[in-house]
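Written below as structure tokens is the structure these notes are about.
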Amino acid sequence: MFENNFDITLNGKEITDIPEDLFIPPDALRVILEQFEGPLDLLLYLIKKQNIDIIDIPILPITTQYVNYINMMQQMQFELASDYLVMAATLAEIKSKMLVPNDIEDEEEEDPRANLIKRLMEYQKYKDLSEKLDVIPRRNRDTFVISGIMTNFNKTDNLPKLKLDQLEAAFQDVLKRAEIYASHTIESETLSVRERMSSILININKNGTIKFTECFTYSEGRMGAIVTFLAILEMVKESLIDIIQNEDFSIIYLQTKTS
């Protein structure tokens with residue numbers, strides 16, 4: 001007989017099987033809770049119920065349960081579709097092919113279950129997609145459009161009453177807040193030691209010899225003096241120029257390095 005699937009708790013104990021001493025009248029009403037959309041759906045249900053790998057279906061127990069289900073439906077005088085009987089015949093055919101020994105060793109015979117497995121996997125794919133689509137909210141099932149007669153309302157605008165001096169005081173307050181949060185960004189010019197070295201060398205090559213003080217620009221301030229001094233030291237280090245002073249505390253001159 002087809003295995004029953006129910007969940008009953010009696011005196012705090014879960015009952016999963018029908019008791020052997022339970023008397024069931026021959027004409028008792030029997031209800032099948034599972035609803036199947038076709039033979040593939042029933043077959044897929046039997047496979048999932050026993051946690052069977054769909055790629056490696058044991059034909060014998062699946063065929064037995066499938067046939068038991070059909071016999072039960074016939075005993076309850078339910079009208080079965082011909083597709084269920086065709087599937088039962090297909091399972092019986094696959095079972096017979098697997099029982100026949102294969103005497104040909106050289107040629108690889110195709111698994112009789114291959115076509116059935118392919119159909120089951122294809123059905124499983126579309127069944128999963130249909131379940132995902134069914135979860136999506138649907139109009140007139142999950143949501144409903146409300147229709148009715150809209151009443152015309154007379155809208156009145158209640159404008160605030162302000163005096164001119166109040167508006168002026170509010171504007172002055174906004175100006176004060178703007179001054180508090182005002183910011184001024186000071187951007188300093190970037191001075192490059194390399195650029196200063198190039199400008200000094202150009203000046204030396206043009207005039208031959210220049211005074212040390214002529215290299216500095218007072219408008220550049222302290223930063224310009226530091227960059228210029230570093231540029232002169234770097235050129236001396238790289239043997240590009242010579243520093244000349246005739247006597248102590250006299251004028252310092254810069255000229256091109258002589259070999």
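The values are calculated or read from the model by the stated rules, or taken from the named source; none is laboratory data. The model shown is predicted, which means the values in this text are computed figures rather than measured ones. Glycine gets a Cβ as well: all are built from the backbone with ideal geometry, and neighbour counts include every protein chain shown.
Each residue in segment 205-259 was checked for being under 60 Å from the mean Cα position of the chain (by Cα) and among the hydroxyl-bearing types (Ser, Thr, Tyr), and 2 pass.
Has segment 176-192 got any residue that is outside any helix (DSSP H, G or I) and surrounded by 12 or more Cβ atoms within 10 Å (Cβ to Cβ)? Checking segment 176-192: at least one residue is outside any helix (DSSP H, G or I) and surrounded by 12 or more Cβ atoms within 10 Å (Cβ to Cβ). Does Ser239 satisfy being in a loop (DSSP other than H, G, I, E, B) and loosely packed, with under 12 Cβ neighbours inside 10 Å? Spelling it out, Ser239 is indeed in a loop (DSSP other than H, G, I, E, B) and loosely packed, with under 12 Cβ neighbours inside 10 Å. One residue alone among Thr209, Thr185, Thr258 is touching a strand residue (DSSP E or B) at 6+ places or on another chain (Cβ under 9 Å) and at pLDDT below 85, and that residue is Thr258. Screening Ile210 with (1) within 18 Å of Ile251 (Cα to Cα); (2) hydrophobic (A, V, I, L, M, F, W, C); (3) assigned to a helix (DSSP H, G or I) gives one miss only, at (3). Are any residues in segment 50-71 aliphatic (A, V, I, L, M), in a helix (DSSP H, G or I) and touching a residue at least 40 places away in the same chain (Cβ under 8 Å), and if so, which ones? Answer for segment 50-71, where residues must be aliphatic (A, V, I, L, M), in a helix (DSSP H, G or I) and touching a residue at least 40 places away in the same chain (Cβ under 8 Å): just Ile59.
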